[in-house]
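The structure under discussion appears below in the form of structure tokens.
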Amino acid sequence: MNTEDIRRMHREYVMSTYAPGLALVRGEGVRVYDAEDHEYLDFLAGIAVTNLGHAHPRYVEAIREQAGRLVHVSNLYYNEHQPRLARDLVERSGFEVGKCFFCNSGAEANEGLIKLARLWGHDQGRYEVVSMRGSFHGRTLATLTATGQDKVQKGFAPLPQGFRYAEFNDPASCREQIGPETAAVLVEAIQGEGGVRPAHRGYLRQLRKICDEEGVLLLMDEVQCGMGRTGRWFGFQHYGVQPDAFALAKGLGNGFPMGAVVAGAKLADVFHPGHHATTFGGTPLACAAARAVIEVIETEGLIENAGRMGHMLVEGLCSIAADHPRWIEEVRGLGLMVGLVLDRPAAPLQKKLQEKGLLALATAGKVLRFLPPLIVGEDDVRRALEITAAACDELEQEGTEASR
Ligand SMILES: *Cc1c(COP(=O)(O)O)cnc(C)c1O
């Protein structure tokens, strides 16, 4: 099928929750190819998912091997990979003791955090969750309510009760929202969909202190910034803060749909049989895939690479920004979670980059987000910067001509 065939059939049979452009059919490392075999440098990685790049041999082998052995048994039976993956995650989390619950997506992982907080607070009459403006936590009814963005909630009233909102990077605003019914504060270390906004130095520490003083849980959504993307295993590890539990998904399975709740001592033993469940969560296949992800990240030094390549990408983008001071405002991010902040919609730049063979994503209107796989090399970053510089020059040129 060519792109036009795929597009036509998609329009007829698939609900239009997205407006896709390209039809990608194959990938290798940092590159993907469309139905006409055009090559693209993938600096989006399926929205921070395919951290090992495409078709990584060790990952492919792990899935193949496990698929031929045992795919699914349900959580009514033990499977050998689930506790090993849970141990691997807890050991990297900074929790002295901890436990995991496995599910299938980021929304479900956050839903799990919210249920965990409500059950924990139930006997004290604490059920409210305070989340941040500009946050993103998913699209289920509870998680879209936790998401502090009107556009995500519009049209879905009545929303579930028990959610309040504070300003991101403003500890005083969070303290104001906490009351006797508050069970938890939920926050991202680096807001992703909100426009690649890192927490300020000290902010998360102050939240930790406020939560401790108020007897409230600190929960973190690491769905996008976790799993090595920022140059540490988890985003909060840049800030010297330990949450009471956090949510993972996106990069955890490298594209195999998977999410996890990782909880420290306070929350590790709150759920008992009957409280929470999932048919698919933590299958042998999903856990084998995620174990291969952790193995490759460590054997190939991908976390250090994310830090180094992120630095190179930011430096290069800063120099591009300096060439276009009239409309590029800022470069921000951590590791390989990087945003180029414009004074205008970023969609035209995204489009121009794609025409030139570079995939990135406009988010929060005016931010162009780069989320390359963690295997990205210097040559790839250099090439992406060349394309971005050329696209910015052209846009500036066209803008000048248009205003003549
Ligand atoms: C993507 C994302 C989610 C939602 O994950 P899904 O797998 O799409 O449900 C939640 N939180 C954050 C921070 C995300 O980036």
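The values are calculated or read from the model by the stated rules, or taken from the named source; none is laboratory data. Since we're looking at a predicted model, the values are computed, not measured. Positions of Cβ are backbone-derived with ideal geometry, glycine not excepted, and every protein chain shown enters the neighbour counts.
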Given (1) under 21 Å from residue 191 (Cα atoms); (2) assigned to a helix (DSSP H, G or I), number of the condition residue 135 does not satisfy
(2)
Among residues of segment 214-252, those that are within 22 Å of residue 310 (Cβ to Cβ) and within 14 Å of the ligand (Cβ to nearest atom), counted
19
Going residue by residue through segment 147-170, is there one that turns out to be modelled with pLDDT of 95 or more, in contact with a His (Cβ under 8 Å, 6 or more places away or on another chain) and crowded, with 24+ Cβ neighbours inside 10 Å?
yes
Can you tell me which residue among 317, 313 is in a helix (DSSP H, G or I), more than 20 Å from the chain's Cα centre (by Cα) and not β-branched (Val, Ile, Thr)?
317
Per the filter on segment 366-396, residues of a type in the set (Gly, Ala, Ser) and without any contact (Cβ under 8 Å) to a residue 60 or more places away in the chain are 390, 391
What number of residues within segment 309-343 satisfy the criterion of being among the small types (Gly, Ala, Ser), more than 10 Å from residue 381 (Cβ to Cβ) and either in contact (Cβ under 8 Å) with a residue 24 or more places away in the chain or buried (at least 16 other Cβ atoms within 10 Å of the Cβ) (or both)?
4
All-but-one check, residue 118 against (1) within 16 Å of the ligand (Cβ to nearest atom); (2) in a helix (DSSP H, G or I), failing number (1)
Has segment 195-213 got any residue that is in contact with a helix residue (DSSP H, G or I) (Cβ under 8 Å, 6 or more places away or on another chain), assigned by TED's automatic domain parsing to the domain that holds residue 108, within 16 Å of the ligand (Cβ to nearest atom) and over 24 Å from residue 369 (Cα atoms)?
no
Look through segment 135-151, keep the residues that are within 11 Å of the ligand (Cβ to nearest atom) and within 14 Å of residue 364 (Cα to Cα), and return whichever of them is farthest from the chain's Cα centre (by Cα).
147
Taking residue 368 and the conditions (1) over 22 Å from residue 32 (Cα atoms); (2) assigned to a strand (DSSP E or B); (3) of a type in the set (A, V, I, L, M), which numbered condition does it fall short on, given that it satisfies the others?
(1)
So residue 230 fits all but one of (1) surrounded by fewer than 24 Cβ atoms within 10 Å (Cβ to Cβ); (2) of a type in the set (Val, Ile, Thr); (3) part of a loop (DSSP other than H, G, I, E, B); what number is the exception?
(1)
From the options 28, 12, 39, 61, residue that is touching a His at 6+ places or on another chain (Cβ under 6 Å) and surrounded by fewer than 18 Cβ atoms within 10 Å (Cβ to Cβ):
28
How many of the residues making up segment 108-128 are buried (at least 20 other Cβ atoms within 10 Å of the Cβ) and touching a residue at least 60 places away in the same chain (Cβ under 8 Å)?
11
May I ask you to list the residues in segment 69-90 that are in a loop (DSSP other than H, G, I, E, B), free of Cβ contacts under 8 Å to residues at least 24 places away in the same chain and either more than 17 Å from residue 272 (Cα to Cα) or within 26 Å of the chain's Cα centre (by Cα) (or both)?
none
Residue within segment 215-233 that is farther than 15 Å from residue 294 by Cα and modelled with pLDDT under 95 present
no
Mind checking whether some residue in segment 36-46 is of a type in the set (D, E, K, R), in contact with a helix residue (DSSP H, G or I) (Cβ under 7 Å, 6 or more places away or on another chain) and assigned by TED's automatic domain parsing to the domain that holds residue 373?
yes
Per the filter on segment 250-284, residues at negative phi, buried (at least 24 other Cβ atoms within 10 Å of the Cβ) and part of a loop (DSSP other than H, G, I, E, B) are 253, 258, 281, 283
Within segment 171-194, of all residues that are in a strand (DSSP E or B) and within 14 Å of residue 146 (Cβ to Cβ), the one farthest from the ligand (Cβ to nearest atom) is 182
Would you confirm whether or not segment 287-298 contains a residue that is in a loop (DSSP other than H, G, I, E, B) and in the same structural domain as residue 104 (by TED's automatic domain parsing)?
no
Scan (1) within 25 Å of residue 363 (Cβ to Cβ); (2) within 16 Å of the ligand (Cβ to nearest atom); (3) aromatic (Phe, Trp, Tyr) for the single condition residue 280 breaks and write down its number.
(1)
